[in-house]
Every structure is written in C-alpha cells, then in structure tokens.
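Data block below; observations after.
The values are calculated or read from the model by the stated rules, or taken from the named source; none is laboratory data. Predicted model only: the values in this text are computed from it and were never measured. Note that each Cβ is placed from the backbone with ideal geometry, even for glycine, and that neighbours are counted across all protein chains shown. The area values use the complete protein model at the heavy-atom level, side chains included, leaving out ligands, DNA and RNA. Shrake-Rupley method; radii C 1.70, N 1.55, O 1.52, S 1.80 Å.
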Amino acid sequence: AAARGCGGVWRRAWQRGAGGPAPAPRGQRAVACNARGGAVPAGKSGLAPWVPVVGLEIHAQISSNSKLFSGSQVQFAAAPNSLVSFFDASLPGTLPVLNRRCVEAAVMTGLALNCSINKRSLFDRKHYFYADLPAGYQITQQRVPIAVNGSLSYSLCIDNKMSQMVTKTVRIKQIQLEQDSGKSLHDDTRNQTLVDLNRAGVGLMEVVMEPDMCCGEEAAAAVRELQLILQTLGSSQAVMAEGQLRVDANVSVHHPGEHYGVRTEVKNINSLRFLAKAVDYEIQRQIEELENGGTILNETRAFDSKLGCTVPMRDKEGKQDYRFMPEPNLPPLILYDAKSLPANMNHQQVVNIDWIHERLPDLPSVKRAKLVERYGILPEHSFTLLNEDGLTEFFENVVKQTQMKPKKVIGWILNDLLSYLKQHSLTVKESPVSSFLLADLLNLLEKKEISSTAAKQVLAELWKGEGKTPFEIVKEKKLELIQDQKELEQICQAVIDGQENEVIMMVLG
C-alpha cells in the first residue's frame, strides 16, 4: 500500500483540457519517443494521428529521523510494528505535532523546482478506508499546499543518441506535505493479510506535475532529474527500490484539436524502467481500445512488470468520495522571509524561506555545466557522470591524482570502468578498482611505460581485487614498454637469428 494520490488536482487539470482545444501535438510515439516533434501516427483506422497526454504524481519520502506528526523513528526494513507511536496507531486523544525538518525539506524542494512558496498553507483530512490506515483518513494539503507553480527542466536523447539531446520543461502544479500509510503484507499461502504500521505517518512530499509529457521516455527522464535534485538537496534519499520514490502516471489520448481524452491512472510505479514501459503500454492500449470502438474508463490500474502490461485495480475515486475537510488539530502553517520575520521572533521556532534559499547547493544542471567547463568534457559525458551515483567524485579523484588529461580520463572511466561495473552489477562505491589504483594505472600509460593494450590487461587484473598495484602487475606480467634502443635491436636480432630459413626466403623472394 502506498500514498493514494492528491484528490482532485489531476481531475481539475484534465477538466481544463476537456473544456477547450487541446494543445498542439507534443511529438512522441507511444513506444519510441520522438523528441523532434510529430504526433503518434494513425492506427488501424487510418484516421488522424493520436496525441498522448501524460502527467505524474510523485511521492517522495522526506529524509528525516522522525515521522511527519510524531516522534517515531524512520528506518527502512525495521522489525514490523516496532516504530509505531500512539499517534501513528490513531489511539484516542493523541494529537499531531508538525516536524520542522519535513517543512524545511518541502520548502527547499519547492525553491529548487522554481515554485512559489506559500507563507500560509493549510492541512486537510482526506478520508478513505484501508486496513493500513488506522485513522481512516490521511492528513494532507488539498486546499492550500506549501508550494505551487514551479517547473522542472530535463533532457531527452533524440533517437537514443546521447550526442543529440533536447531540453524540455514540465510544469509543477504543486508540492504538498502529507503522511504516508502503513503497509499491507499479503500471505497467499495462509490466506491472510498482515499489517505493518512502521511506515504509517512517515513524511511525504507529493510533487504534482501538469500533463505536459507525451511518452514513457519523457516521464522517466523527468522523474530521473527530479530524483537527482532530491538527492542533491538531501530532502529525500529517493531510492525507488526502497519505496522512497513512488510514481503515479496519468495517461490519456486524443486527436489533434480535440478535447483531452478520458484518463487512467497507473499506480505505485517504483522503477524508472517500469515507468517508461507502463506509460507506453497504456498509451498503446488506449489507442487500440478507441480504434476498436471501445471506451476508456476513468480507473486506477497497476503495472504488472512480469507481463509487461497494466491491469485494472479499481474505479477512480471521485473528489467527493474522499470527503475532504480542514484538519481541526493543526493550525495554518506560517512561513517567513527576511522582510516578514518579526524582530522579536525566536529564529529557531520559525522557518525562514530566504535562509533556506541562500543555502541551496548546486543543482544537477549547474553541476553538469561546471564539469563541462572545468574539464572540457562533452555535455553528454556530464549526464553519465551524474546519473551514476558516486561516479562524479570518482572521476574528479582520478583527475586529481593523474597526469593524464581529463578528456582521456573520462574515456577510461565511461568505456572501461563503467562497463566492468555494469557487467558485474556493482555500484561505483563497490568497485574493486579504487580511484587511486586507476590513477596509478593511467600515470603508467601517460608516461609511456606501458601500451594502451597492456593497460587494459592491467585493469582486468586489478578487477580481481588481489591487492596488487598496477606497477606490480606490470612487472609480474612483463608488460612494460622497452625504451632502450640497443635492447630492442638485440631482441630483433635474436628473432632473426632464430628464423634463418624464413629470412633466406624473404631475401630470395
């Protein structure tokens, strides 16, 4: 069980689309996204091309020691129900106490995504029944969220070529604070469901993106860029495999110039690869359904990664089903900036937007630009460095310790080291070849003490992790280049003397 969406936000976005002409085709195929432009081609019917519309709701778990409204610890894979306070279990008489760290993380994220931060935001109750939701409602921000009207720029390869990239932008509708639900564990063998409330009450940021995307590739690229931003800020670890970043994809199709089609929501996607596949499958499914005379239901679906398709879960809840109401136990959340902060206010008891803004780190886009400028590498190489966790630091450490130029170092890291890591399913931090060892190897190559072919042999030996240095391997395998001309002449003469018949044949021939 995961966070269950943001009520009417997406519904309003699609209603706006249904109330007038749809925007111009944004140019992606259902399966192969074409960043240059052009709608999805006509299907079996031969009618006008289809225009897919994709929007996302992303739930990011906030990096915090405790939960959003209680002092319970946050820890992945803890013993079931070992991190549950009275408030998390919804015992009568318990009250929420807002976690300042979660508020600061949401403000930081909003500023990084170019949002306007509301100095006054409100909390609401969103009612629905789930076994892992003890209170029967979720505290969220439906009316006035903490941040609104932002944007996220991301890059997309043209025809899957890293050397040809285009930058696109998706609008951010809002960012809201809300609490997570617990987790239901289904035991099919015993025909029972168990409930773990460790996750109940954990702080979430829900990032709602406008329907500005048109294919799975765009959706995955946008989420990857958001993931990098969150990790750079430290506002969320955003590890999808641990449920710290979960995506709901809203998909519809229509003909150019027509109203937006009926949308479906694909729920709780926890992998970028699955996100791209789920969106593309759903686009193609809707097109085929409509061209065969069927209708699209406004429903919630799930992506079956084994079958590679989406399957129905339930009808989509209407806004009225959630029975939103103001949260009576929480006052409005008031934030300040340098101008509005009262002189006699205790700074440790308030959140100062300007103070947070001044301390924002360099975002991934800035880091990429600096890598290109500082080291003279290609822009597409900067994307690869940032996309692999720890690879940028590894590259910079090698550059500092070697005499080889960065343009040549990047080739060894991306072509050789990275291929070894992927081949053995290892992260950069798990690499048996440290930046120090690789720098030593590249120094031998740069000094012309070994050949490029020999360097690759040494790297293969280093990968075995036997504790030998590149110099020791070179000596052991006798891979060094011979610099002494007399020694080379003696070797050549010895070869000639040992092949008299061949020499005579060559001379006579």
Subject >> Ranked by how many other beta carbons lie within 10 Å on average, peptides 268-280, 389-401, 63-75, 333-345 from highest >> reply: 268-280, 63-75, 389-401, 333-345
Original post:
Taking a label point 7 Å from the Cα of residue 350 along the Cα→Cβ vector, which residues of segment 133-147 have an amide N closer than 19 Å to it?
Top reply: 146-147
Subject >> Whole-percent carbon and sulfur share, accessible surface of the chain, 1.4 Å >> reply: 52
Original post:
Which lysines, on any chain, are close to residue 429 with Cα under 17 Å apart, when same-chain ones fewer than 8 places away are left out?
Top reply: 464
Original post:
List the aspartates and glutamates whose alpha-carbon lies under 20 Å from that of residue 370, not counting same-chain residues fewer than 8 positions away?
Top reply: 225, 358, 362, 380, 388, 389, 393, 396
Subject >> Heavy-atom surface of segment 52-118, accessible at 1.4 Å and reported per residue (Å²) >> reply: 40
Original post:
What's the lysine pair count for segment 208-355 at a Cα cut-off below 26 Å, pairs eight or more apart or interchain?
Top reply: 7
Original post:
Rolling a 1.4 angstrom probe over the protein heavy atoms, how many square angstrom per residue are accessible across segment 230-346?
Top reply: 47
Original post:
In whole Å, how far is the Cα centre of segment 243-270 from that of segment 408-462?
Top reply: 43
Original post:
Cα centroids of segment 280-351 and segment 72-104: how far apart, whole angstrom?
Top reply: 22
**OP:** Pop a pseudo-label 7 angstrom from the Cα along the beta-carbon direction at both residue 144 and residue 237 and give the gap in nm to one decimal.
**Re:** 3.5
Original post:
Can you list residues whose amide H is under 5 Å from residue 81's amide H, if they're 5+ apart or on another chain and H is modeled 1.01 Å from N?
Top reply: 197, 198
Original post:
So what are the radius of gyration and Dmax for the Cα set of segment 105-244, in Å?
Top reply: 17.8, 54
